[in-house]
1. Could you grab me the full set of residues in the stretch 240-290 that are outside any helix (DSSP H, G or I) and within 35 Å of the chain's Cα centre (by Cα)?
2. Quick check, is M177 at pLDDT below 95, surrounded by 15 or more Cβ atoms within 10 Å (Cβ to Cβ) and under 30 Å from R71 (Cβ atoms)?
3. Please work out which one of (1) closer than 23 Å to S172 by Cβ; (2) without any contact (Cβ under 8 Å) to a residue 24 or more places away in the chain; (3) of a type outside the set (D, E) is the condition G41 fails and give its number.
4. Go over the candidates T58, T50 one by one and state the one that is exposed (fewer than 12 other Cβ atoms within 10 Å of the Cβ) and touching a residue at least 12 places away in the same chain (Cβ under 8 Å).
5. Among helices (runs of 4 or more DSSP H) lying entirely in the stretch 74-154, which contain 1 or more residues that are at pLDDT 95 or above?
6. Can you tell me which residue among A35, A68, A92, A39 is surrounded by 15 or more Cβ atoms within 10 Å (Cβ to Cβ), touching a Ser or Thr at 6+ places or on another chain (Cβ under 9 Å) and aliphatic (A, V, I, L, M)?
7. For the stretch 111-120, check the following and say yes or no: at least one residue is polar (S, T, N, Q) and surrounded by 12 or more Cβ atoms within 10 Å (Cβ to Cβ).
8. Among the residues of the stretch 257-289, write down those that are surrounded by 14 or more Cβ atoms within 10 Å (Cβ to Cβ) and over 28 Å from E70 (Cβ atoms).
Amino acid sequence: MAEVETAQLRQADLPRRLAEAGAAEPLAEAISIMARLRASGGCPWDREQTFDTIKRYTLEETYEVFDAIERRAWAELKDELGDLLLQVLFYAQMASEAGYFDIGDVAANLNAKLVRRHPHVFPVEGRLADATDPEAVLRNWEQIKQGEKLAATAGKKTASVAASAMDAIPRSMPATMEARKLGSKAAKVGFDWTDVEGLFEKLQEEIAELKAELNKPAEAEQSRVEEELGDLLFTAVNLARHLKADAELALREANAKFRARFRAMEASAGGFDALASLTPAELDALWNRAKRADEAVPDGLKP
């Protein structure tokens, strides 16, 4: 109980400590507002939230940041980044109330990590690390990160399940990102396709296996179909990795392209309901017209 009370006192004094450290006044004010919303007599909705109820909003806000960037909507990006910052303040406030840590600890931990993982900028024992290109920076980052994890687990009891390098990749991240990171991690020990052609062959293999499941009797388990589809998607994500493309961003761009072309179809037909009265051939004709119009617009001029 005393630990929680101490944490609450530290939280109450946090805006002053941040201001004295030169933090921007608006940030200190945002921290105070969040504390007030969660305090007795604050907002009933904010007060009843937990880590588990808030986390879905964090994912939503992250994707809204992506959307604003992709649309080059800089004024909206400012607002979306504020909403994303709110998630950080919310988690830190709840953690402070529970006596885990506060927003000051979060910032201090981040600062230390940034300095620690950039030894080519911040000297270690008077010496700068060698990192003359982005690839070298990433190699250093991964080595330092791995050392931190080993140090953090040193002395802990051995888990009932053997530790794996894959444990460092959260299951909670978007599936395309997780698949990419899994493939990248395995590639570090040479477990990877040697070239892009091998991945195209693997794609064909997975497509054949999916078709084989679909050709089975009707009582075939849906779980087997989903399993084979998952294998196909995993291979596609790793093809993107070999092509140095981000599968998540590539799919988002494809989604945006589909939205724009379908919107053009609706405009040509007179609305969504009007499309329902058209034949498949007429729909294809509208799609092809929208596609040609879209392709005729230079990339830099597309919305």
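1. Across the stretch 240-290, the qualifying residues are L243, K244, A245, D246, G271.
2. Answer is yes for this residue.
3. Against the list (1) closer than 23 Å to S172 by Cβ; (2) without any contact (Cβ under 8 Å) to a residue 24 or more places away in the chain; (3) of a type outside the set (D, E), G41 comes up short only on (1).
4. It is T50.
5. 74-98, 103-116
6. The match here is A35.
7. Checked against the condition, which is being polar (S, T, N, Q) and surrounded by 12 or more Cβ atoms within 10 Å (Cβ to Cβ), the stretch 111-120 yields no hits at all.
8. Scanning the stretch 257-289 gives L278, A285.
The values are calculated or read from the model by the stated rules, or taken from the named source; none is laboratory data. The model shown is predicted, which means the values in this text are computed figures rather than measured ones. Please note: Cβ atoms are built from the backbone with ideal geometry, for glycine as well, and neighbour counts cover all protein chains shown.
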